[in-house]
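Worksheet: one structure, shown below.
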Amino acid sequence: MSETIKYLLDEGQLPKSWYNIQADLPKPAPPVLHPGTHQPIGPGDLAPLFPMELIMQEVSTERQIDIPEPVRKIYRQWRPSPLYRARRLEAALQTPAKIYYKYEGVSPTGSHKPNTAIPQAFYNREAGIKRLVTETGAGQWGSSLAFAGGVFGLEVQVFMVRVSYDQKPYRRALMETYGASCIASPSDQTQSGRAILAQRADHPGSLGIAISEAVEIAAQRDDTKYSLGSVLNHVLMHQTVIGQEAMLQMEMAGDYPDVIVGCTGGGSNFAGIVFPFLGAQLRGGKKLRIVAVEPAACPSLTRGKYAYDFGDTAHLTPLTKMHTLGSTFTPPGFHAGGLRYHGMAPLVSHLLQLDLIEATAYHQIACFDAGVQFARAEGIVPAPEANHAVKGAIVEAIRCREEGKSRTILFNLCGHGHFDMQAYIDYFAGKLKDLNYDEAELAMALAGLPSVKEAA
Ligand SMILES: *Cc1c(COP(=O)(O)O)cnc(C)c1O
């Protein structure tokens, strides 16, 4: 039996700074626009929602930004995270490819999300904030912010997408265990929520709606800020601890990736593993193939339009240029709740536009097939979201087998699936369906995109 090989860094190798890809872009990403005037916004426009340190990170073009020592102290509980060579999976696939995966499931909440929850809570506490409000899909983000809020003594309130609230009671319990409060969205606690419920009392919710509710609450109180678990530049940057560590670990392995694969919901774990390597490429290093894998039922990168859109359904957020399915789009209720956002991180969208990355989409049954094959070989049960990355990596490995070529594949195993076993139960019972989004609804959501005149 082949052994799984583990590459561990010592605590001294924990990154001292985050990597900001905005320093190395061949062309800057388009500006964020004010929803009313359609003019580029300034830091002051975001001040009601975020503390100034995070706003400055959002617009920074400095290449490395120091990680505050109190944040590194908390990171050390589970970081540096392990990198594995998937020898038993390689054997099962009979592939000449070398498959490596970075494992983010070792964090307290079981995913990469605390990598940004911890610094976000820290900077808010430094700014004197008492309460954070946010949204969550599957509950990964809500539980991570609940954990981080607890660490830094902040109250946390989470609007959880209704379908997940009903499907995933254990994530909800986890948030409450950490001391946060969790409300099903759409709720009757906000204007945005009440407007949606008036149209449809049994609305399943969406991330776009939950964001509207959280933003609305945060904007009302001085001691309260909003916190987002993906999409924004500073969130992607916090995740680059993943890729920076992986670079050192690939060096330990005496290897370097030819292909990097990540799953994309809002783009943060993908950016986390990819950006440090892509930055090296942009500064003259080795050229890589980089593959973003998304669900076929919510395919923003592969089927969305690259256009200015709102981040939320009630149109309270600024406009960002991104691959979007339209802010009113509600995807069908498939199991990878963390991949159900209508848009994509502007930085990831920009990279696709520049042909620096590729995107592909798979249906959920094929992703669960891949996840189960991975679990049986490597012993780790991936989160349904992570199954998309596993699927993408297996497709690359099989291509190597068919072409008789050995390539080095690196993917991000962004979380474990221990809270998602109902999805696996449904899969084994043959109850999972490959859900298609409603074409008419997509057309309608895209027709509703704001019309923005862009400067040439
Ligand atoms: C939240 C989440 C995702 C999707 O978010 P990204 O910002 O695209 O990373 C993917 N996988 C897991 C395990 C998650 O918790």
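Condition check for ALA359 on (1) within 13 Å of the ligand (Cβ to nearest atom); (2) part of a helix (DSSP H, G or I): one failure, at (2). Looking at this structure, is LEU319 surrounded by 21 or more Cβ atoms within 10 Å (Cβ to Cβ), under 22 Å from MET444 (Cα atoms) and of a type in the set (A, V, I, L, M, F, W, C)? Yes; evaluated as a whole, the condition is true for this residue.
Please state which one of ALA246, ALA297 is within 16 Å of the ligand (Cβ to nearest atom), under 20 Å from ALA393 (Cα atoms), in a loop (DSSP other than H, G, I, E, B) and of a type outside the set (S, T, N, Q).
Values: ALA246 fails: in a loop (DSSP other than H, G, I, E, B).
Residue meeting the stated conditions: ALA297.
Screening PRO15, PRO31, PRO35 for residues that are open to solvent by 30 Å² or more (accessible area, probe 1.4 Å) and farther than 19 Å from ALA218 by Cα leaves exactly one candidate, PRO31.
Table: residues versus (1) among the hydroxyl-bearing types (Ser, Thr, Tyr); (2) in contact with a Pro (Cβ under 6 Å, 6 or more places away or on another chain); (3) in a loop (DSSP other than H, G, I, E, B).
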site: PRO26; (1), (2), (3): no, no, yes
site: PRO31; (1), (2), (3): no, yes, yes
site: HIS38; (1), (2), (3): no, no, yes
site: ASP45; (1), (2), (3): no, no, no
site: PRO48; (1), (2), (3): no, no, yes
site: GLU53; (1), (2), (3): no, no, no
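Per this entry, GLN64 is not counted among residues that are touching a strand residue (DSSP E or B) at 6+ places or on another chain (Cβ under 8 Å), farther than 30 Å from ALA383 by Cβ and of a type in the set (S, T, N, Q). Flag: VAL390 matches the condition of being aliphatic (A, V, I, L, M), under 12 Å from ALA86 (Cβ atoms) and either within 13 Å of the ligand (Cβ to nearest atom) or in contact with a Cys (Cβ under 7 Å, 6 or more places away or on another chain) (or both).
Given the criteria at negative phi and surrounded by fewer than 24 Cβ atoms within 10 Å (Cβ to Cβ), does ALA383 qualify?
no
The values are calculated or read from the model by the stated rules, or taken from the named source; none is laboratory data. Please read these numbers as outputs of a predicted model, since none were measured by experiment. We place every Cβ from the backbone using ideal geometry, glycine too, and count neighbours over all the protein chains shown. Keep in mind that these areas ignore ligands, DNA and RNA; they rest on the heavy atoms of the full protein, side chains included. Shrake-Rupley method; radii C 1.70, N 1.55, O 1.52, S 1.80 Å.
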